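**Q** Once you've had a glance at the structure underneath, I'll fire off some questions.
The values are calculated or read from the model by the stated rules, or taken from the named source; none is laboratory data. If you're wondering where the values come from, they're calculated on a predicted model, not measured in any experiment. Quick reminder, even Gly has a Cβ in these numbers, built from the backbone with ideal geometry, and neighbours come from all protein chains shown.
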Ligand SMILES: *[C@@H]1O[C@H](CO)[C@@H](O)[C@H](O)[C@H]1NC(C)=O
């Protein structure tokens, strides 16, 4: 096994979760005795930093990047050849396939070779990318994955803007209808706000207390609202439930049960002193929207009452946030994967399941059997 084989051998997941693994592996195997020279030491730090600081690029160009690291570390200059399956320094093969050339060009464009990597590694490794990627005005952050997302959005847009054709799949027809419905502002305006309020918070759900002067809590049902939000609006309320490929058997879909997602990042709720500006902007936003609704339905709820309600909402979300496991403790997908039958789920977490799923599967022929395996994606609690 050559030196660079060891590098390529290490999965990207490992590099991301534990950059030190790269170096541990190397020192254990002692395949590169010159590692202790000053230059090599610097480059070890570089590689470590690259794994940590330029994650987006690292993930996207994938193995080519690991190979790039392998081919550069230990050599005095930074060669741009993509060396695949190198048999050591004597017999290097250069990959010239289209994919390699494109990946290599991507890496070169992302570098700023005028920067000294041992002085400012971020500038060296990402400077070119930063210089050619201004954060778009409509975005608060930008990166490789956002670029990909944008490309996918554009592709989808091309599809939905093409008139419905007879041979379109039903899902595509639905998507085109949905898109055109959203753009039909005249029809939406003609329906007015009452239609919206009825659909989302109508009598069936017990109304929307914030914008009503009187509210009858006895009609309100958490499972109904949570289930209907998912069924009708694909919006998770209090818990997240979704169907997705079974991580351990990708030939089938399973239902995953996960913790709720929050309106703001979890830290904002936990550390409200630091994020005071965000919390108050969020409360203002809630009040602004509710004020429009209050005016449109003519209920005359006072601003003071709306502000109080916004405070209550954030206080409730803060309690939820305290119960939510932070992302930093959700990195081990194996540990998160906890299959159990529907019956076991109900015994372990005795809450509203039957009513909730009844609502989620309204008007479908889905029957959730007691023996059905669900994946609770909530860590081994
Ligand atoms: C992930 O969790 C599993 C199961 O608890 C454990 O065996 C494994 O070592 C963990 N992996 C990492 C990288 O911590």
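**Q** Just for region 325-350: of the residues that are part of a loop (DSSP other than H, G, I, E, B) and free of Cβ contacts under 8 Å to residues at least 40 places away in the same chain, which one is surrounded by the most Cβ atoms within 10 Å (Cβ to Cβ)?
**A** Going residue by residue through region 325-350, those that are part of a loop (DSSP other than H, G, I, E, B) are 325-326, 330-332, 349-350.
Those left that are additionally free of Cβ contacts under 8 Å to residues at least 40 places away in the same chain: 332, 349-350.
On the way: 332: 11, 349: 15, 350: 8.
So the residue we want is 349.
**Q** Among the residues of region 100-122, write down those that are in a helix (DSSP H, G or I) and within 21 Å of residue 146 (Cα to Cα).
**A** Quick first cut of region 100-122, residues in a helix (DSSP H, G or I) only: 100-110, 121-122.
Selection gives 102, 103, 104, 105, 106, 107, 108, 109, 110, 122.
**Q** Answer yes if at least one residue in region 180-202 is outside any helix (DSSP H, G or I), crowded, with 16+ Cβ neighbours inside 10 Å and touching a helix residue (DSSP H, G or I) at 6+ places or on another chain (Cβ under 8 Å), and no otherwise.
**A** First, pick out the residues of region 180-202 that are outside any helix (DSSP H, G or I): 184, 202.
Narrowing further to those that are crowded, with 16+ Cβ neighbours inside 10 Å: none.
Within region 180-202, not a single residue is outside any helix (DSSP H, G or I), crowded, with 16+ Cβ neighbours inside 10 Å and touching a helix residue (DSSP H, G or I) at 6+ places or on another chain (Cβ under 8 Å).
**Q** Taking only region 365-381 into account, find how many residues are touching a helix residue (DSSP H, G or I) at 6+ places or on another chain (Cβ under 9 Å), part of a loop (DSSP other than H, G, I, E, B) and either away from the ligand (no atom under 15 Å from the Cβ) or modelled with pLDDT of 95 or more (or both).
**A** 6
**Q** Count, please, the residues in region 271-313 that happen to be farther than 19 Å from residue 212 by Cα and in contact (Cβ under 8 Å) with a residue 24 or more places away in the chain. If you could, list the steps in order and put the result at the bottom.
**A** The first filter runs over region 271-313 and keeps only residues farther than 19 Å from residue 212 by Cα, leaving 271-282.
Applying the additional criterion that residues be in contact (Cβ under 8 Å) with a residue 24 or more places away in the chain yields 272, 279, 282.
Final tally of qualifying residues: 3.
**Q** Considering only residues that are touching a residue at least 24 places away in the same chain (Cβ under 8 Å), surrounded by fewer than 18 Cβ atoms within 10 Å (Cβ to Cβ) and under 16 Å from the mean Cα position of the chain (by Cα), which ones fall in region 242-265?
**A** Result: 258, 260, 261, 262, 263, 264.
**Q** Which is surrounded by 14 or more Cβ atoms within 10 Å (Cβ to Cβ), in the same structural domain as residue 176 (by TED's automatic domain parsing) and at pLDDT 95 or above, of 160, 156?
**A** So the residue among 160, 156 that is surrounded by 14 or more Cβ atoms within 10 Å (Cβ to Cβ), in the same structural domain as residue 176 (by TED's automatic domain parsing) and at pLDDT 95 or above is 160.
**Q** Same structure again: So for region 318-325 (the condition being closer than 30 Å to residue 211 by Cα, away from the ligand (no atom under 16 Å from the Cβ) and touching a strand residue (DSSP E or B) at 6+ places or on another chain (Cβ under 6 Å)), does at least one residue qualify? First the steps, then the outcome.
**A** Looking only at region 318-325, we keep the residues that are closer than 30 Å to residue 211 by Cα, and these are 318-324.
Those still in the list that are away from the ligand (no atom under 16 Å from the Cβ) too: 318-324.
Remaining after also requiring touching a strand residue (DSSP E or B) at 6+ places or on another chain (Cβ under 6 Å): 324.
Scanning region 318-325, I find at least one residue that is closer than 30 Å to residue 211 by Cα, away from the ligand (no atom under 16 Å from the Cβ) and touching a strand residue (DSSP E or B) at 6+ places or on another chain (Cβ under 6 Å), so the answer is yes.
**Q** Condition (residue is touching a residue at least 40 places away in the same chain (Cβ under 8 Å) and more than 24 Å from residue 367 (Cβ to Cβ)) applied to region 216-239: is it met by at least one residue?
**A** No, region 216-239 has no match at all.
**Q** Test residue 129 against the stated conditions and say whether it is more than 29 Å from residue 233 (Cβ to Cβ), surrounded by 12 or more Cβ atoms within 10 Å (Cβ to Cβ) and within 27 Å of the chain's Cα centre (by Cα).
**A** Numbers: more than 29 Å from residue 233 (Cβ to Cβ): yes; surrounded by 12 or more Cβ atoms within 10 Å (Cβ to Cβ): yes; within 27 Å of the chain's Cα centre (by Cα): yes.
Answer is yes for this residue.
**Q** Let me ask another. Please enumerate the residues belonging to region 123-164 that are within 20 Å of residue 106 (Cα to Cα), in contact with a helix residue (DSSP H, G or I) (Cβ under 7 Å, 6 or more places away or on another chain) and assigned to a loop (DSSP other than H, G, I, E, B).
**A** 143
**Q** Is it true that residue 357 is within 16 Å of the ligand (Cβ to nearest atom), under 18 Å from residue 256 (Cβ atoms) and surrounded by 15 or more Cβ atoms within 10 Å (Cβ to Cβ)? If you could, list the steps in order and put the result at the bottom.
**A** Numbers: within 16 Å of the ligand (Cβ to nearest atom): no; under 18 Å from residue 256 (Cβ atoms): yes; surrounded by 15 or more Cβ atoms within 10 Å (Cβ to Cβ): yes.
For residue 357, the condition - within 16 Å of the ligand (Cβ to nearest atom), under 18 Å from residue 256 (Cβ atoms) and surrounded by 15 or more Cβ atoms within 10 Å (Cβ to Cβ) - is not met.
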